[in-house]
Amino acid sequence: MDDVTEPLVSAVEIGQHSQKNHAGFSLWVAVAFTTNYIMGCGFLGIPSATVQSGLILGPIVIIVFGVIMNMSKDFMLESLGRTEAITRLSAKITAAVSTSRSAEALEHTIAKPEQTDYLVSEREFEVTDIFFLFFGVRARTLYMTVLSLYLYGGLWAYSTVFANSFAANAPVVFMNGGQTCNIEEGGSECINVFFVWLGVFAILAVPLSCLELKEQVIVQVIMFLARVLVVLLMAGTAMGGYSCNGTAFAQVEGGKPWTPAPLFAPSGLSQIMPVSIYAFIFHHSVPILSRPVADKTSLKTVFSVAFLIVGAAYAGLGVALAAYFGGSIDGQCNLNWRQYIGCVADKPGGVKATLADRSTAAQAISFVVLIFPALDVLSAFPLNAVTLGNNLMSACYGVSDASSAAGFTEDVPSSTTLFRRRIMFRLLAAIPPIIAGALSTYYKINLSQILQFTGLIGVAIAFGIPAVLRAWTYARHSQILEILAGQAFKMSSGAESAEKFVQEALSTPLSMRAGLYTTPSDLSLEIVQTPYTSRFLKLGRVDFCLFVFAVVIGLYVAIAMILGT
């Protein structure tokens, strides 16, 4: 493990941060951002996976994974909070020494952290910074590689979803005879239409990716409301089809035949599990979604409410659509609304209504549901690009922009330099996936395989990494406080700076066994409990169990991909 030799946050800087009361997101604005990030377009594959696994087993799997991934989200928050606590130690010790407190009082101050020590601040700690602080450069590089593979794959998919959806539903009047087309069916004119919409996406998405989250509030709130509307439209029209005394969805030639969805089909676990994992992942963006929230004590509530909304939408929509469409459900469920005609009575002789009988209102609903995924990625793409860009900058320069200004390095760049770096890395995150989307039309790259691969990497991001960080930060924080408490007499003299003592404690190595096998019972209650501590803490080594679970699920999904089941 690499030694961390950069100086920590200075006392003055920490004091300034702790005194600031920045205006930020309210609870519901933060919930809107988080819901947009979590859902993305992942919910479109839930109904098909529910048909494969069963109307009972499917929702059970979705809820189970939602609960587990909500718990692993707490692990990320805990790790972020412990990082904050460690970087506040210098200021805390300096303040205690300046008040001429005794060595005994200083030892008590160090050994018994306050809950406010763990609160997330305005400093921009990324997950890469946490890896750097606790593990070193090599671990940070490994994490950045995994994160880049996952996010570049997701951003690539977003860009092609936008272009494909608009090419299939919104014609370009001066191309392809003013007709829509399916890019998978080929044709040079259709490819040109695809490129036009891909260019439109680049014009919209790339500038949004260069904005900070606080500058995206209007777009994100609108897209959250639109997402709620579309989910209600899809569930409502599907359920309305049950009571329709006629035809709600017209049959089309060559369409999938209707077959009832099973209630319990374990053979479909290989479909529902990776889809559920991919649909709930946001753990790598916990830091960036936490910073703008005004009340940092409400972060667990914000993320839990978002998980509740998303889980209810997934389970409800999955069951409603799987029960109605059965085996005729499309892998991208919104495509079934190509046949939506409202509720049209059968013609004399029992002749079913067709698309020609569709009303204007039904056509409008069909268009909204079909085009929504393309608009949806305009909210998800910038959030992912910001996460990737910030972490890339942290990995390349050793720290993220604001944590650099907070004292991780002695060479603090100017605000202009930080701004230029930020824009450069945001562009580096946003532009290559769009170029890859253009190249995919020539090389016929199977994006479903790319998404399967990114879903497999997501197992590590959602389960393995939070578990390891939580276990290690527990032990590391305990070790550092124990070392500093033992040096309270030396520090109370004020002869040497607190930063020096903290840096020496941070540089003291921790064995892998001690780091990963320290249990909550080995630590004092004050160290264990943080404002973000998971309520599953009393279950013992839940982090170790989660890591084992990640390995098992990862192997299962990988084997299922290889066997093609």
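The numbers here are math on the coordinates, done by the rules we state, and not lab data. Here the structure is a predicted model, which means the values were calculated and not measured. Using ideal geometry, Cβ is built from the backbone for each residue, glycine included, and neighbour counts are taken over all protein chains shown.
Observations on the structure shown:
- Global form of region 98-180, assessed from the alpha-carbon gyration tensor, a/c cut-off 1.5: prolate
- Inter-label distance, LEU211 to LEU428: 2.4 nm, where each label sits 7 Å from its Cα along the C-beta direction.
- Annotation: amide H-H contacts under 5 Å for VAL293 (H modelled 1.01 Å from N, sequence separation of 5 or more, or interchain): PHE25.
- Residue by residue, region 352-360 carries 3J(HN,Hα) couplings of 6, 5, 10, 4, 5, 8, 5, 7, 5 Hz when phi is fed to the Karplus relation 6.51 cos²θ - 1.76 cosθ + 1.60 (θ = phi - 60°); x denotes Gly or Pro.
- Selection of trypsin sites (Lys or Arg not before Pro), region 328-385, meeting DSSP coil and at most 15 other Cβ within 10 Å: LYS352
- Cut-off 13 Å between beta-carbons: net charge of the residues surrounding THR34, Lys and Arg +1, Asp and Glu -1: +4
- Distance from the Cα centroid of region 207-277 to that of region 340-391 is 9 Å (rounded to whole angstrom).
- Compared with the alpha-carbon gap, the fully stretched path from ALA170 to PHE544 is longer by 129.6 nm at 0.36 nm per residue.
- Centroid-to-centroid, using Cα positions, region 458-503 and region 23-80 are 31 Å apart.
- Förster radius 25 Å - calculated FRET efficiency between PHE367 and SER328, Cβ distance, rounded to 0.05: 0.75
- Extension gain, VAL228-GLU482: 0.36 nm per intervening residue step, less the Cα-Cα distance, totals 86.5 nm.
- Estimated distance in nm for a label pair at MET239 and VAL137, the labels positioned 7 Å out from Cα along Cα-to-Cβ: 5.8 nm
- Length released on extending from VAL552 to GLN115, taking residue separation times 0.36 nm less the Cα-Cα span: 153.8 nm
- Pair SER414, SER148: separation of 7 Å Cα→Cβ label points (nm): 2.9 nm
- FRET efficiency for PHE489 and THR99, using Cβ-Cβ distance with R0 set to 22 Å, rounded to 0.05: 0.85
- Annotation: peptides 365-372, 487-494, ranked by per-residue average of other Cβ atoms within 10 Å with the highest first, follow the order 365-372, 487-494.
- If you sort the three axes of the alpha carbon gyration tensor as a ≥ b ≥ c, you get a/c of 1.5 or more for region 272-372 and a/b above b/c, which makes it prolate.
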